[in-house]
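Please read the structure below before turning to the comments.
The values are calculated or read from the model by the stated rules, or taken from the named source; none is laboratory data. What you see is a predicted model, and the numbers here were worked out from it, not measured in a lab. Every residue, glycine as well, gets a Cβ built from its backbone with ideal geometry; the counts of neighbours run over all protein chains shown.
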Amino acid sequence: MKLPKLPTCVSMARTRNLLGAYSLAIADRVRDASEEVAASRGAGPAGIVQIGLYPGQSMESLRHALGLTQSATTRMIERLEQVGLVINEKSDATDARKAVLSLSARGTKIMNEILAARESVIKSHLDLLSEQEQVQFGALLEKLMTNMVDTKADSDYVCRLCDMRNCPDDVCPVHFKRQPVN
């Protein structure tokens, strides 16, 4: 089926509409796949990934990366601890609020499965494009991603479910943008 040629002003609006619909559809599918693997809803899968990729971080740091309140972060960590995925070690014997987070061996396994499920969903859609189209799309995404953030907190939130092993900070367009230029 060949779609009719539209005037530029209509086709640009249509492009924006298609991007909005597609980005929501992909986000929904990644969320669903991540939640299924993690057997945890909401911020749980991203929390597992963040803790696994950045072990030893504080609950406050995790809270900012996930965009959660302190109480929501505490409840999420408690749930993940109860099922044996997260280890919450107190770092200060005099202040129970100070803790460092890490994943158990089971938590690390689940993190890898979450990232594999995310990769599978995204790959299934990118595989519809040729290799050359994927390279072009990647370049366009890099250009668009540099405008997604203004602060470190923004970049941590945008990349909360990213596999930083494939896109480390030194090449990530989101993290790179917020780096000071010397």
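You will find that of MET148, MET76, the residue that is of a type outside the set (D, E, K, R) and at pLDDT 85 or above is MET76 and no other. Which members of the stretch 4-55 meet the condition of being of a type in the set (A, V, I, L, M, F, W, C), more than 12 Å from ILE110 (Cα to Cα), at pLDDT below 90 and not in a helix (DSSP H, G or I)? Listed by number, the list holds a single entry, LEU6.
Would you check if ILE122 is within 19 Å of MET59 (Cα to Cα) and either among the aromatic types (Phe, Trp, Tyr) or at pLDDT 85 or above (or both)? No; evaluated as a whole, the condition is false for this residue.
Just one of the listed residues (SER34, SER71, SER11) is in contact with a helix residue (DSSP H, G or I) (Cβ under 6 Å, 6 or more places away or on another chain) and hydroxyl-bearing (Ser, Thr, Tyr), namely SER34.
Taken together, the criteria exclude LEU101 from residues that are at pLDDT 80 or above and out of contact with any strand residue (DSSP E or B) (no Cβ under 9 Å at 6 or more places or on another chain).
Scanning the stretch 13-40 for residues that are under 21 Å from ALA72 (Cβ atoms) and among the small types (Gly, Ala, Ser) turns up ALA27, SER34, ALA38, ALA39, SER40.
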